[in-house]
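Everything on this sheet refers to the single structure shown next.
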Amino acid sequence: MQRLLPIFLGLLLWVGTGSAAVAASPKAAAQRQSNGLTAFTPTEKFLAGNFVADEMNPAFIFGTVKAFATSRKCPTTWLAEAGTKTRPAGPGTPDQPAEYTLYLEEDCPDKVVYYVFIDQSGLTPQQWIEWREKFAKTKAEPMYGSTKSKLDTACTAGCGVGAELRFVQVNGDLMAKSPEAFLLQDLKFAPIYDLNKGQKLSK
């Protein structure tokens, strides 16, 4: 009985913390260490926001980040680089916008998948394009102007965006297929809004 007590207490500690990081497989733990990632709790605003899955010219808006995370079949954990834990609050400034990289780790028996999200819940559509103008300069408006207009229309329809799924990595390798195509074709994760048609999609 005395030998079982430490095991029982350890189990209570694991359940009490609710930390999926403790239960990570050796392969997942190794990838976290090599990438300098640690368990992270995203803001509710980010989790409750919709997202796009194409940086340049998204065709669809998908439902909430939280809905996508709960749709995964294997255990998931949110991760971030260590410095993200001290990120400033608020919408940010043109020189330091409030967008951050967060990793949704899906720890499966045969693979570890990273869904790499950009948390843009602190940005308006106008801030979204202004930040890209700093890098693309005159190319930004032709590249992103149409997308911004579509996102503005979506916001009016109640389908605003607070995040972007920018990359998908499987066992450390970047997928060649675009995240948007991967969600639609492989994961069968249905979008909620068609940006090109400017209309909500029925579930």
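No lab work stands behind these numbers, since they all come straight from the coordinates. Bear in mind the structure is a predicted one, so any value in this text is a computation, not a measurement. So basically every Cβ, Gly included, is an ideal-geometry build from the backbone, and we count neighbours across all protein chains shown.
Figures for the structure shown
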read-out	value
Positive minus negative residues near LYS111 (Lys, Arg vs Asp, Glu; Cβ under 14 Å)	-3
Sequence of SER25, SER202 once ranked by neighbouring C-beta atoms within 10 Å, starting from the fewest	SER202, SER25
Members of LYS148/LYS177; LYS148/LYS200; LYS150/LYS197; LYS150/LYS188 lying beyond 20 Å, as alpha-carbon distances in this model show	LYS148/LYS177; LYS150/LYS188
Likely footprinting exposure, ASP110, ASP119, ASP54, fewest C-beta neighbours within 10 Å first	ASP110, ASP54, ASP119
